[in-house]
1. Where does helix 181-191 land angle-wise versus the long Cα axis of the chain, in degrees 0 to 90, nearest 10?
2. Against the 2.2 N^0.38 Å scaling, with N counting residues, where does the chain land? I'd like the Cα-based Rg ratio to two decimal places.
3. For a Förster distance of 30 Å, can you work out the FRET efficiency between the beta-carbons of residue 173 and residue 52, rounded to the nearest 0.05?
4. Which length gain, in nm to one decimal place, applies between residue 197 and residue 184 when the Cα-Cα distance is subtracted from 0.36 nm times their residue separation?
5. In which sequence would 21, 140 go, from the one with the fewest C-beta neighbours within 10 Å to the one with the most?
6. For region 14-113, would you read off the P(r) tail past 21 Å as a percentage of all alpha carbon pairs?
7. For region 116-211, which semi-axes, largest first and in whole Å, follow from the square roots of 5 times the eigenvalues of its Cα gyration tensor?
8. Compare the peptides 125-136, 185-196 by average per-residue count of other Cβ atoms within 10 angstrom and give them in order, highest first.
Ligand code: FES
């Protein structure tokens, strides 16, 4: 009977092996590094430690280190993840940690991908178009229940990990035919805004038609 992989405990310092994908659009390979992991470290800390001590030219993208900016998306042990939110003590302690770039987008270098396609898609979606103000002072009246309905859809940080797990984009590379989950959610957020008057349903139907 197989047992669950052991993870690091919170109070131990240990050496862990990494395999980090290095290369560019012309090709590349995994390179092995050994990193001293101390309690509380996340995968992004380990990548920074590799940069500082062993591979100054290792490219990775990050900004907030708090799960807010969506910059540090990568694949960790084959799973699309934020490097800054993946604690080392959640990974199997006796196994090599694989870190590679998102597969749904073109490689720029090492762990950095070109996600600009997403911004082009966003430009094609009709923007917010509010109804005329409800009140003489130019303001609108909205109800809390309407605000809360759309709130969940607005929490997206555009890390594009959902695009990376979408097999239409990741495996079939049908970026010309499908906008991916991020932009279905983005459209939903606009459609659910109680002030918005635009109709984007026809646009989505056209995309689905194109998929057939
Ligand atoms: S560095 Fe901002 S989400 Fe990871």
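1. 30
2. Values: Rg = 21.2 Å, N = 212, 2.2 N^0.38 = 16.8 Å.
Computed over Cα atoms of the chain, the ratio equals 1.26.
3. The pair residue 173/residue 52 has a calculated efficiency of 0.30.
4. Value of the extension gain: 2.9 nm.
5. If I rank by nearby Cβ atoms, fewest first, I get 140, 21.
6. Percentage above 21 Å: 24.
7. The answer is 30, 15, 11 Å, longest axis first.
8. Highest to lowest by the protection proxy: 185-196, 125-136.
Bear in mind these aren't lab numbers, they're just calculated from the coordinates by the rules spelled out. Note that this is a predicted model, so its numbers are computed, not measured. So basically every Cβ, Gly included, is an ideal-geometry build from the backbone, and we count neighbours across all protein chains shown.
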